[in-house]
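In what follows, a structure is listed as structure tokens, so that the remarks can point back to it.
The values are calculated or read from the model by the stated rules, or taken from the named source; none is laboratory data. Just so it is clear, the model here is predicted, and its values are computed rather than measured. Virtual Cβ from ideal backbone geometry, glycine too; neighbours counted across all protein chains shown.
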Amino acid sequence: MSKVTRPFLATLPKLPHPELWSTLFKGSRARGQLRVSVMTEEAADMATKEMNIANNRDKTIVELFPGPGQWTRSMALGGAKKILAVENGDTYMDSLKVGILELEQASQDTIKVLPLNPADPYDEILDPSKNMLPGVEPQPWDHVHTGLTLVGSIPNSTFGERVLHELLLASIDRMGIFTLGRVEMYMFCYKDAVNRLVAAPGTPSRNRITLMAEAAADITPLMRPGLAHFHLPYDYQLLRLVPHEKPKIETSMEVMDFCLRSLFTNKSHSLNKVIKLLGPGADILLGRLSFDHNIKVKHLTLEQLNEVALKFEQWPLRPTVLYDDMIMHESKRRK
């Protein structure tokens, strides 16, 4: 960041006092729209410190779901080279004129607000003709990208968790933002979503998303400021997610996802009872496994699930159209 820009950013306007947010920023508690944003300067500055921007001032940030922009402001003041704030929330846009849009106008182009869908803005952001990421070049996958970071405040909803899950899958396939390299992520997420992402084998929260996350990235819970630091007041925690140099999946993504979806429909049952959901005759795979197949599905490690998926992929009689077969099984269970 230039010597001219730094003092100018020091004059960025403060956002309204947190006591006024419920009046000024009309969020929605409707299902699927539980947008939660960092509200206090204290929490925003703590998160920015965790990102270590001060020691890497050539960093471009893509921020998903910035809300009024408290974290955006902190990252700009903390030394980010450029911030692309991706926000299209209908419930926010009018009220954001006293928040993030004002920050954009005052930031001398350090902050740019993009009215795009935060769930999938990457075609637009990566379009060479738009030049939205000046100076950001693709980097080899053997190290974490030094000039680009993805951050966000994930909605407290199934939609929000789906956005995060799709990011993890994209990192495995090196799609979207990950076409530029091994981009680290800092995400504020609701505590229950965090518990599901990092749940240990045998714990109630462990599900197929846990396994896909474990296969895709190193996930480290960082700070948990408390409800009073967020609008709306939910218990959110900051995660650091760094894609693995090599994903911990030994089969195709399609096969692994099919196995996880099938087996975790009855995660409290033993594998030898549930494996038939992979297809007629799939119990023949049990004799090919190196571990005790009496184990309950929820106790399976990623290594054991990789073994199941690999044996399934090598099975000559496995279903050839996996997801049509899954739909048929789910329809039978509902009946």
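Assessment of region 73-96 against the conditions (out of contact with any helix residue (DSSP H, G or I) (no Cβ under 8 Å at 6 or more places or on another chain), modelled with pLDDT of 85 or more, closer than 18 Å to F230 by Cα and among the aromatic types (F, W, Y)) yields no matching residue. Selection of region 167-219 for residues being basic (K, R) and closer than 21 Å to L302 by Cβ yields R174, R182, R196, R206, R208. In region 35-54, the residues that are without any contact (Cβ under 8 Å) to a residue 40 or more places away in the chain reach residues that are of a type in the set (S, T, Y) and assigned to a helix (DSSP H, G or I) with C-beta atoms within less than 6 angstrom, at least six apart or across chains, in these pairs: A44/S74; D45/S74; T48/S74.
Taken over region 174-230, the residue count meeting the criterion of being under 25 Å from T72 (Cα atoms), part of a loop (DSSP other than H, G, I, E, B) and not aliphatic (A, V, I, L, M) is 4. All of R224, R261 fail the test of being closer than 30 Å to L317 by Cβ and touching a helix residue (DSSP H, G or I) at 6+ places or on another chain (Cβ under 8 Å), apart from R261. Given the criteria without any contact (Cβ under 8 Å) to a residue 24 or more places away in the chain and assigned by TED's automatic domain parsing to the domain that holds A43, does V198 qualify? So V198 fits the description; yes. Residues that are without any contact (Cβ under 8 Å) to a residue 60 or more places away in the chain and buried (at least 24 other Cβ atoms within 10 Å of the Cβ) were ranked within region 55-73; the one that is farthest from T110 (Cα to Cα) is Q70. Go through region 22-42 and count every residue that is modelled with pLDDT of 95 or more and surrounded by fewer than 23 Cβ atoms within 10 Å (Cβ to Cβ). Qualifying residue count, region 22-42: 3. Does S129 satisfy being in the same structural domain as V194 (by TED's automatic domain parsing), more than 22 Å from A47 (Cα to Cα) and small (G, A, S)? Judged against the criteria, S129 is a match. Please enumerate the residues belonging to region 101-119 that are surrounded by fewer than 16 Cβ atoms within 10 Å (Cβ to Cβ) and either among the hydrophobic types (A, V, I, L, M, F, W, C) or without any contact (Cβ under 8 Å) to a residue 24 or more places away in the chain (or both). Q105 - this is the single residue of region 101-119 that is surrounded by fewer than 16 Cβ atoms within 10 Å (Cβ to Cβ) and either among the hydrophobic types (A, V, I, L, M, F, W, C) or without any contact (Cβ under 8 Å) to a residue 24 or more places away in the chain (or both). One residue stands out in region 154-171 among those that are over 9 Å from the mean Cα position of the chain (by Cα) and under 17 Å from Y236 (Cβ atoms): the one that is surrounded by the fewest Cβ atoms within 10 Å (Cβ to Cβ), namely T158. A single member of A54, A119, A47 is more than 16 Å from L15 (Cα to Cα), in contact with a Phe, Trp or Tyr (Cβ under 8 Å, 6 or more places away or on another chain) and assigned to a helix (DSSP H, G or I), and it is A47. No other residue among T158, T149 is modelled with pLDDT of 95 or more and β-branched (V, I, T) apart from T149. Taken together, Y190, Y186 contain a single residue that is farther than 19 Å from I61 by Cβ, among the hydroxyl-bearing types (S, T, Y) and modelled with pLDDT of 95 or more, which is Y190. On the stretch given as region 228-239, residues that are buried (at least 17 other Cβ atoms within 10 Å of the Cβ) and modelled with pLDDT of 95 or more total 6.
The residue that is surrounded by the most Cβ atoms within 10 Å (Cβ to Cβ), among those in region 263-311 that are farther than 15 Å from L211 by Cβ and of a type in the set (V, I, T), is I275.
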